[in-house]
Amino acid sequence: MSFETILYQIDNSILTITLNRPDKLNAMTPILLRELKEAFEQANNDQVVRVVILTGAGRGFCAGADLAAASELMMRGGFSYEENLNATYNPLILTMQNLQKPIIAAVNGVAAGAGMSLTLACDIRIAAESASFLQAFVKIGLVPDSGSTWMLPRLIGLTKALELMLTGKKVTAQEALELGFVNQVVPDAELSATVQQMAQLFAVAPTKTIGLIKQAVNFAATSSLEDAMKNEARLQDAAGKSADHMEGVAAFLEKRPAAFKGE
Ligand code: LHQ
């Protein structure tokens, strides 16, 4: 696929999506938002893709909404944040949340505002030592959006989530690790290799089951224990009928590594 503001590269079942507006720290324009959503939809439909890496070109991961583009839209009049979020940012975050494949954020630099929300919508976050995170919204008089108010308290608890959202202060990669919303921090020069290593694991994993695990966890986030267990049972039925489950059990009994096909 060919895009204007992102790069879309598949290598051995691993799709890397790179936000590609390095001069603006990959701030999100309406085109980038549309292209990113299209890329994730394409990834969901492409059987070859078994894991997605999301990263940024240049020294930033993503500086959130492009404020120049947003202010241009506002100047034109008739602009509504509500309509804008509901039409662009929110469908993108939901597409990521509902993607039936794992997403690894390779956080190479600053992730601010909706750019931080983007990292939170990924399943795994690996950050370079020099990366940083900020809930920049309050600094420009805005409410955290693109899922941050839902994701961040769940990931790190209300106390610290509110502190970050109310102050908009910048958090280093190491602090993010200690707070618990980053899985791993590595020296800048090792980010790519570390992320590739994890992606390789997912590239040979039972992909269909991974999609079902995401579904189960997403459902449980807003359900009772009873409903969550019923849903687990339903999804387990689907996993139990998968070719990869058969292969996993056979491989265990035959004392050999499983050769999962993702089906
Ligand atoms: C930018 C941006 C940017 C444009 C850096 N836009 N150019 C949703 C609905 C609709 C609209 C409103 O918002 C939302 C959700 C949101 O995401 S709200 C939050 C929006 N983001 C921000 O408020 C962050 C603004 N950026 C910053 O605070 C800093 O740039 C950070 C802390 C990210 C990085 O600082 P530095 O490393 O010192 O870099 P810089 O500030 O020098 O930026 C480098 C260039 O990138 C610069 O361009 P220039 O042409 O002067 O070299 C910036 O203007 C541009 N840039 N963020 N969001």
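The values are calculated or read from the model by the stated rules, or taken from the named source; none is laboratory data. Computed from a predicted model, the values in this text were never measured in an experiment. Please note: Cβ atoms are built from the backbone with ideal geometry, for glycine as well, and neighbour counts cover all protein chains shown. Just so you know, the surface numbers come from the protein's heavy atoms only, side chains and all, with ligands and any DNA or RNA stripped out. Shrake-Rupley method; radii C 1.70, N 1.55, O 1.52, S 1.80 Å.
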Among ALA193, ALA199, ALA189, the single one that is closer than 30 Å to ASP46 by Cβ, small (Gly, Ala, Ser) and over 15 Å from the mean Cα position of the chain (by Cα) is ALA193
Condition (residue is of a type in the set (D, E, K, R), touching a Phe, Trp or Tyr at 6+ places or on another chain (Cβ under 9 Å) and open to solvent by 60 Å² or more (accessible area, probe 1.4 Å)) applied to the range 238-255: is it met by at least one residue?
no
Considering only the range 107-124, I want to know if a residue exists there that is charged (D, E, K, R) and farther than 18 Å from VAL182 by Cα.
no
I want to confirm something. Restricting to the range 36-58 and keeping residues that are assigned to a helix (DSSP H, G or I) and more than 15 Å from the chain's Cα centre (by Cα), which single residue is farthest from the ligand (Cβ to nearest atom)?
ASN45
Among the residues of the range 96-112, is any near the ligand (Cβ under 10 Å from one of its atoms), hydrophobic (A, V, I, L, M, F, W, C) and part of a loop (DSSP other than H, G, I, E, B)?
no
Out of ALA65, ALA27, ALA69, ALA87, which single residue is within 14 Å of the ligand (Cβ to nearest atom), farther than 21 Å from ILE124 by Cβ and touching a Ser or Thr at 6+ places or on another chain (Cβ under 7 Å)?
ALA69
Could you go through the range 116-123 and let me know if any residue there is of a type in the set (Ser, Thr, Tyr), in contact with a Gly (Cβ under 9 Å, 6 or more places away or on another chain), over 30 Å from ASP46 (Cβ atoms) and open to solvent by less than 20 Å² (accessible area, probe 1.4 Å).
no
Among the residues of the range 124-149 satisfying the criterion of being in a strand (DSSP E or B) and away from the ligand (no atom under 11 Å from the Cβ), which is surrounded by the most Cβ atoms within 10 Å (Cβ to Cβ)?
ALA127
Do the conditions hold for ALA221, that is, is it surrounded by fewer than 17 Cβ atoms within 10 Å (Cβ to Cβ) and of a type in the set (Gly, Ala, Ser)?
yes
